[in-house]
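Worksheet: one structure, shown below.
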Amino acid sequence: MAKKNKFIGQFVDEMYGVIIGLGIANILFQEAFEPSSVLQIFTIFIITYVILTYWWDWAEYVSTEVYSTKRELIIDFMILFVMELFYVFYSNLLYLAIAFCVLGICDFIWVSNFIYETRREGDFSIRPVIYLLEKLICISIYISSFIFCLYLENQILIKDFAELNKWIQSFSVLIAFLMVRKVGFNHIRGEKFFFFPAEIEDAKDIIDINESYLRQYNNKLGFLLGKLDYNELLEIIRCDHKTFFVAKGEDKEFLGYVKIDEHIEDDILKDVKWNWIDKNNKNDFERFQYIYISQLAIKKESSRKGIGKFIYETLFKKYPDRNFVAFVAKEPYLNRASREFHESLGFDKVGIFKRKRYLEVDNFESYFFYKEKLIEPKKMPFLKKIHNEIKKD
């Protein structure tokens, strides 16, 4: 699996500065450069503005999200190389328009690779069709700009206005980039989510989402087995702000909820068949503090946007000294979406819970998933390694 890595992010971040420095230095020491030419200075300004915009977006939104792969490094290098060509062709606006077309194609390749890596890691928050379509529109905008520049280059009627042609070409390139900026740079910012303890006014939304997933076994988005009671939920929210948490959007729209506990009943633990090296697994487990994720559900209309991942990562940061555990249904109904989701976040299958009847389901089995705490992981000797990982179905 590819891992998010600081090297590529830092490398590209520094290379943007190098490109601008080398590009401007190269122009200043060229005999063709005319300091008195307003058009040349304006074109250099456009080029520098474009590179600074890419640099800003990379540093603010992308550098920490890319995966450390050879493909990513090669594609990033291609984009950087094309941007260096901008300074080479600053005085030839037709060639500059071609370079922008190549940049659009490189952007499309980068997005395709980014979507591939994120989906391979279990993150389905990006909608690939829309994202790729936007990049294709961006390429068409750059190509239109090139065709317009080519038309002006060959337009006999205004050959006597060569300087005016150049200005129009320059503005054509700038307008094309501004349009691309408007159309094709939306996804890299992503949506912002917020995490709160549940309040009384959230109870109805929690119940609605719970009911929408309850025993929906054929649902590709997963399902829930435990039904929440509205009155009990209200009582928990009033008395305890550490059990139910909710995720909301920037407009305060309710997106999903999570229910956590700090203890699993002994009646449940006694029916877990452990898969750890140590023989005294149950005693080892009980000696350490953990967070038990009892339920997680996301509004169906908001699924595949990374909200579940956001909730889990927020919990990891909120309780960095705690281990995390969760049960995921295995038999007779496999909750495949939940299993893949937990595996993508680094959870390990460390046991199987079995009962002849549980939550009104006969011959019930579930995976027992475990993720080690973020800090001081070496102080958990009982889970040095998974000995016999349970085979995936």
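The values are calculated or read from the model by the stated rules, or taken from the named source; none is laboratory data. In this text, all values refer to a predicted model and were calculated from it rather than measured experimentally. Heads up, the Cβs are rebuilt from the backbone with ideal geometry, glycines too, and the neighbour counts pull from every protein chain shown.
Figures for the structure shown
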quantity: Residues of the range 10-37 classified as surrounded by 11 or more Cβ atoms within 10 Å (Cβ to Cβ) and at pLDDT 80 or above, total; calculated: 17
quantity: Qualifying residue in the range 206-215 (condition: in contact with a helix residue (DSSP H, G or I) (Cβ under 8 Å, 6 or more places away or on another chain), assigned to a loop (DSSP other than H, G, I, E, B), in the same structural domain as TYR292 (by TED's automatic domain parsing) and at pLDDT below 95); calculated: no
quantity: Residue in the range 55-74 that is surrounded by 14 or more Cβ atoms within 10 Å (Cβ to Cβ) and free of Cβ contacts under 8 Å to residues at least 40 places away in the same chain present; calculated: no
quantity: VAL50 vs. criteria assigned by TED's automatic domain parsing to the domain that holds PHE148 and crowded, with 19+ Cβ neighbours inside 10 Å; calculated: yes
quantity: Test: residue in the range 151-171 that is of a type in the set (A, V, I, L, M) and modelled with pLDDT of 90 or more; calculated: no
quantity: Residue among TYR217, TYR257, TYR230 that is more than 30 Å from ILE352 (Cβ to Cβ) and of a type in the set (Ser, Thr, Tyr); calculated: TYR230
quantity: Residues (surrounded by fewer than 14 Cβ atoms within 10 Å (Cβ to Cβ) and either touching a helix residue (DSSP H, G or I) at 6+ places or on another chain (Cβ under 9 Å) or among the acidic types (Asp, Glu) (or both)) located in the range 348-365; calculated: GLU360, ASP362
quantity: Members of the range 366-381 that are crowded, with 16+ Cβ neighbours inside 10 Å and modelled with pLDDT under 90; calculated: GLU372, LYS373
quantity: Conditions (1) closer than 17 Å to VAL111 by Cβ; (2) assigned to a loop (DSSP other than H, G, I, E, B): number failed by PHE33; calculated: (1)
quantity: Filtered residue count, the range 169-184, keeping only those that are surrounded by fewer than 18 Cβ atoms within 10 Å (Cβ to Cβ) and β-branched (Val, Ile, Thr); calculated: 2
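Results for (1) of a type in the set (Gly, Ala, Ser); (2) part of a loop (DSSP other than H, G, I, E, B); (3) in the same structural domain as ILE291 (by TED's automatic domain parsing); (4) in contact (Cβ under 8 Å) with a residue 60 or more places away in the chain, shown as yes or no for each residue.
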residue: ILE236; (1), (2), (3), (4): no, no, yes, no
residue: PHE245; (1), (2), (3), (4): no, no, yes, yes
residue: LYS248; (1), (2), (3), (4): no, no, yes, no
residue: LYS252; (1), (2), (3), (4): no, yes, yes, no
residue: TYR257; (1), (2), (3), (4): no, no, yes, no
residue: ILE264; (1), (2), (3), (4): no, yes, yes, yes
